[in-house]
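Notes follow the structure.
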Amino acid sequence: MNTLLNNSDLFITGFRNTLILFFFSAIFALVLGTIVAALRVSPVPAMRATATLYVNVVRNTPLTLVLFFFALGYPKLGLVPIDFTTAAIIGLSLYTATYVAEAVRSGINTVPVGQAEAARAIGLPFTQTLTLVILPQAFRAVIPPMFSVFIALLKNTTVAAGFSVFEAGAIRANLSERGEPAMTGLLWVALVFIILVFILSALQRKLEQKWKVAR
Amino acid sequence: MTTHVPGDALVSLNAVNKHYGQLHVLKDINLQVRKGEVVVVIGPSGSGKSTLCRAINRLETIEGGTITIDGKVLPEEGKELAKLRADVGMVFQSFNLFAHKTILENVTLGPIKVKGASKAEAEKEAMALLERVGVGQQAPKLPAQLSGGQQQRVAIARALAMKPKVMLFDEPTSALDPEMINEVLDVMVQLAKEGMTMIVVTHEMGFARKAADRVVFMADGQIVEDETPEEFFTNPKSDRAKDFLSKLLTH
């Protein structure tokens, strides 16, 4: 307990940054992933191909390499300079979006084809058929895998510690510098993660109950 | 606006062809449906009657020939097609009500999103339509809470809310329990009496006798007979039709 209380500044800053990484990456990944999933079911072959290529390339690359690229490779391209936190958010978003896209796409496949036909039959164009009829039902069908993706994202934020972002994954190193026992520090970090994931799971249960689609 | 000379073809199919792989499912189909006409399409399963119905609002693509609705050739894709579909009401065998939306929302979605109606105006008209098909009480419920017959009547109201020029019915009673078939047919008969142009694929011979102006009999992807109901049921000309009708009466 002393390790935690005497170093609460480290824990608070660390987890605050973890939550910042998580929150922004989750929102960007959700938006981007949904767009990519929509492209993958689009009637335009070029859009389908682009989205499939993106998912396959980024999902098959280790997260560390994706973050390496944004932290170390990107600045050399001479584009708009970004700080490490922004780089981590971009990397995590692009990486997680591929998993979101696959979850949403599997959800789209659970929606009976008659739903899309009925939407088209009343004159809705493709985009509205997707956003008003298909996606709302698809999301409801994939809440559990979607939350698995976000739980993985929450834990993946610790990889950013390796790229000079001071988040929860970096707490141990800083504790060691202060001469605190590393194992105790790690256990506290793990406990806070478990609590955070627990909160996410509770949210998941709530959404599942609220959004049950009866057929 | 195109004005109508009585007797003008509202829906016109000319030399329409379609294959599913090797299967020639629509063979040189020619069919004209005038404004206000009720055409019932019957035939054995696999005869292409559902495909024909679905081709009219391009839920099925066609390979040859043309389909025109109110003088306009059916566009291939995009906004123009969506616009034309709004003028063609469709009722499906499996109802296909939007499962995540209430009954009322199912009926107002099209008018609000496609026709740009205000929410209040759309809800007022939707309630009137739901009352008309006898399910006004169900407005706040979700589709799964309704019986099949009720769902199908909502589906008819949803199509009518778009004020379509023609209504397509693709086996609207085939997925219903026997005691619910009549409540749906009653709504359809009423609609026919009010002068709605209808193309109905069905196995309900009673409906064909009662409400149809013409019966189109299809077999093997072709239109074999196109007669008045009286003539078709009492004096079928082709062997295929005679055979089909005799099988209906055995049990």
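The values are calculated or read from the model by the stated rules, or taken from the named source; none is laboratory data. All of these numbers come straight from a predicted model, not from anything done at the bench. Cβ placement follows ideal geometry from the backbone for every residue including glycine, while neighbour counts extend to all protein chains displayed. Side chains are part of the model used for accessible areas, which takes the heavy atoms of the whole protein and leaves out ligands, DNA and RNA. Shrake-Rupley method; radii C 1.70, N 1.55, O 1.52, S 1.80 Å.
Angle check, please: helix B:119-132 long axis (alpha carbons) against the longest principal axis of chain B (alpha carbons), in degrees 0 to 90, nearest 10.
50 degrees
What lysines does B:LYS27 reach when the alpha-carbon gap must be under 16 Å and sequence neighbours fewer than 8 apart in one chain are set aside?
By straight Cα distance, B:LYS27 reaches B:LYS18, B:LYS49.
Over 21 Å between C-alpha atoms is what I'm after, so list which of B:LYS124/B:LYS163; B:LYS83/B:LYS210; B:LYS83/B:LYS113 land there. Walk me through the numbers on the way to the answer.
Values: B:LYS124/B:LYS163 14 Å; B:LYS83/B:LYS210 33 Å; B:LYS83/B:LYS113 12 Å.
Going by Cα-Cα distance, B:LYS83/B:LYS210 fall outside the 21 Å limit.
In terms of the Cα gyration tensor, with a ≥ b ≥ c the square roots of its eigenvalues, is region B:31-138 rounded because a/c is under 1.5, prolate because a/b exceeds b/c, or oblate?
Details: a/c = 2.05, a/b = 1.55, b/c = 1.32.
It is prolate, given that a/c is not under 1.5 and a/b is the larger ratio.
Grab the beta carbon distance between A:PHE23 and A:LEU79, set R0 = 22 Å, and tell me the FRET efficiency rounded to 0.05.
It comes to 0.35.
Subtracting the Cα-Cα distance from 0.36 nm times the residue separation, let me have the gained length for A:SER201 to A:ASN109 in nm, one decimal. Working shown, then result.
Numbers: separation 92, 0.36 × 92 = 33.12 nm, distance 2.44 nm.
Gain on stretching A:SER201 to A:ASN109: 30.7 nm.
Between B:GLU77 and B:LYS115, how high is the FRET efficiency from 1/(1 + (r/R0)^6) when r is the Cβ-Cβ distance and R₀ = 22 Å? Nearest 0.05.
The calculated FRET efficiency here is 0.60.
Please state, rounded to one decimal and in Å, the Kirkwood hydrodynamic radius that region A:98-188 gives when every pair of distinct Cα atoms enters the mean of 1/r.
Averaging 1/r across every pair of different Cα atoms and inverting gives 16.3 Å.
How much length is gained if the chain between B:LYS210 and B:GLN22 is pulled fully straight, taking 0.36 nm per residue apart and subtracting their Cα-Cα distance, in nm to one decimal?
63.9 nm
Going out from 0 in 10 Å bins, what whole percent of all Cα-Cα distances in region A:50-98 drops into each bin?
28, 50, 22
What does a probe at B:HIS203 reach in region B:87-128, counting residues whose amide N is under 15 Å from the point 7 Å along Cα→Cβ?
Only B:93-94 pass the distance filter.
For the pair B:ASN30/B:GLU63, report the inter-label distance in nm, with labels modelled 7 Å from Cα in the Cβ direction.
2.1 nm
Let me test this: with uniform point scatterers at the alpha carbons of chain B, what is the Debye-based log₁₀ I(q)/I(0) at q = 0.15, 0.17 1/Å?
-1.10, -1.37
Between B:SER246 and B:ASP226, with labels modelled 7 Å along Cα→Cβ, what's the label distance in nm to one decimal, could you check?
Result: 2.7 nm between the two label points.
Can you grab the distance from the C-alpha centre of region A:190-209 to the C-alpha centre of region A:37-58, Å, no decimals?
If you average the Cα positions of each part, the centres end up 32 Å apart.
Let me check I've understood the local charge: for A:PHE22, count other residues with C-beta under 10 angstrom from its C-beta, Lys and Arg +1, Asp and Glu -1. What total comes out?
0
Once a ≥ b ≥ c are taken as the square roots of the eigenvalues of the Cα gyration tensor of region B:187-251, is the result rounded (a/c under 1.5), prolate (a/b larger than b/c) or oblate (a/b not larger than b/c)? Mind showing how you got there, number by number?
Values: a/c = 2.06, a/b = 1.67, b/c = 1.23.
The shape class here is prolate.
Build a GNM of chain A with springs between Cα atoms under 10 Å: which of A:ALA71, A:ALA190, A:ALA29 gets the top mean-square fluctuation?
Its mean-square fluctuation being the largest, the pick is A:ALA190.
To the nearest Å, what is the center-to-center distance of region B:62-139 and region A:68-117, using C-alpha atoms only?
For region B:62-139 versus region A:68-117, the Cα centre distance is 36 Å.
Along the charge dipole of the protein assembly as shown, pointing to its positive end and built from +1/-1 on Cβ of Lys, Arg, Asp and Glu, which listed residue (B:GLY43, B:THR197, B:MET127) has its Cα farthest out?
It is B:MET127.
List the accessible area buried at the contact between A and B, summed over both sides and calculated with a 1.4 Å probe, in Å² to the nearest 100.
Numbers: alone 11780 and 12180 Å², together 22100 Å².
The summed interface area works out to 1900 Å².
What would the Debye formula give as log10 I(q)/I(0) at q = 0.10 Å⁻¹ for the alpha-carbon point model of the protein assembly as shown, no solvent?
-0.82
Counting heavy atoms of the protein chains only and a 1.4 Å probe, report the per residue accessible area for the protein assembly as shown as a whole number of Å².
47 Å²
Just want to confirm a number: the relative contact order over region B:81-223, from Cα pairs under 8 angstrom separated by 6+ residues, in percent. Don't skip to the answer; put the middle values down first.
On the way: 192 pairs, mean separation 42.1, N = 143.
This gives 29 percent for region B:81-223.
Can you give the direction-averaged projected area of the convex hull of the alpha-carbon atoms in region A:66-134, in nm²?
Mean shadow area of the hull around the Cα atoms is 6.3 nm².
Can you list the GluC sites (Glu not before Pro) in region B:15-114 that are in a DSSP coil and have 15 or fewer other beta carbons within 10 angstrom? Each step should come with its number before you reach the end.
Working: sites: B:GLU37, B:GLU60, B:GLU63, B:GLU76, B:GLU77, B:GLU80, B:GLU105; in loops: B:GLU37, B:GLU60, B:GLU63, B:GLU76, B:GLU77.
Counting only loop positions with at most 15 other Cβ atoms within 10 Å, the GluC sites (Glu not before Pro) in region B:15-114 are B:GLU63, B:GLU76, B:GLU77.
Rounded, prolate or oblate: which fits chain A, taking a ≥ b ≥ c as square roots of the Cα gyration tensor eigenvalues, rounded meaning a/c under 1.5, else prolate when a/b beats b/c?
Details: a/c = 3.41, a/b = 1.71, b/c = 2.00.
Oblate shape, in that a/c is at least 1.5 and b/c is the bigger or equal ratio.
Sum up the charges of everything whose Cβ sits under 14 Å from the Cβ of A:ARG105, counting Lys and Arg as +1 and Asp and Glu as -1, but leave A:ARG105 out.
Neighbourhood net charge equals +2.
For region B:97-133, list whatever residues lose no less than 20 Å² of accessible surface once every protein chain is in place, relative to that chain by itself, with the probe at 1.4 Å.
Listed by number, the residues meeting the 20 Å² cut-off are B:PHE98, B:ALA99, B:HIS100, B:LEU109, B:LYS113, B:VAL114.
Put +1 on the Cβ of each Lys and Arg and -1 on the Cβ of each Asp and Glu in the protein assembly as shown; which of B:GLN222, A:SER148, B:LEU52 then has its Cα farthest toward the positive end of the dipole?
Among B:GLN222, A:SER148, B:LEU52, the one farthest towards the positive end of the dipole of the protein assembly as shown is A:SER148.
Considering every residue in A:112-119, what mean count of other chain Cβ atoms within 10 Å of its Cβ is obtained?
That works out to 6 on average.
Normalised radius of gyration for region B:66-201, please: alpha carbon Rg relative to 2.2 N^0.38 Å, two decimal places. Write out the running numbers ahead of the final one.
On the way: Rg = 14.6 Å, N = 136, 2.2 N^0.38 = 14.2 Å.
For region B:66-201, the normalised Cα radius of gyration comes out at 1.03.
Once you list every other residue whose beta carbon is under 11 Å from the beta carbon of B:GLY65, what net charge do they have if Lys and Arg are +1 and Asp and Glu are -1?
Here the charged neighbours net out to 0.
Hey, any idea what % of region B:152-251's accessible area is carbon plus sulfur with a 1.4 Å probe?
Using a 1.4 Å probe with all protein chains present, region B:152-251 comes out at 49 percent carbon and sulfur.
Report, in deg cm²/dmol and to the nearest 500, the calculated mean residue ellipticity at 222 nm for chain B, where each DSSP H run with n ≥ 4 adds -39500 (n - 2.57) and the sum is divided by the residue count.
-11000 deg cm²/dmol
Farthest toward the dipole's positive end in chain A, which of A:ALA161, A:ALA116, A:GLN209, given Cβ charges of +1 (Lys, Arg) and -1 (Asp, Glu) about the Cα centre?
A:ALA116
Need one value for A:122-135: mean number of C-beta atoms belonging to other chains within 10 Å of its residues' C-beta atoms.
Per residue, the number of nearby Cβ atoms from other chains is 5 on average.
Roughly how tilted is helix A:45-59, in degrees to the nearest 10 and between 0 and 90, from the longest Cα axis of chain A?
20 degrees
How big is the equivalent ellipsoid of region A:1-120 along its three axes, where each semi-axis is √(5λ) from the Cα gyration tensor, reported in whole Å from largest to smallest?
Working: eigenvalues 246, 82, 23 Å².
Taking √(5λ) for each Cα gyration eigenvalue gives 35, 20, 11 Å.
Over region B:51-131, what relative contact order in percent results from Cα pairs under 8 Å that are six or more residues apart?
Reported as a whole number, the value is 16 percent.
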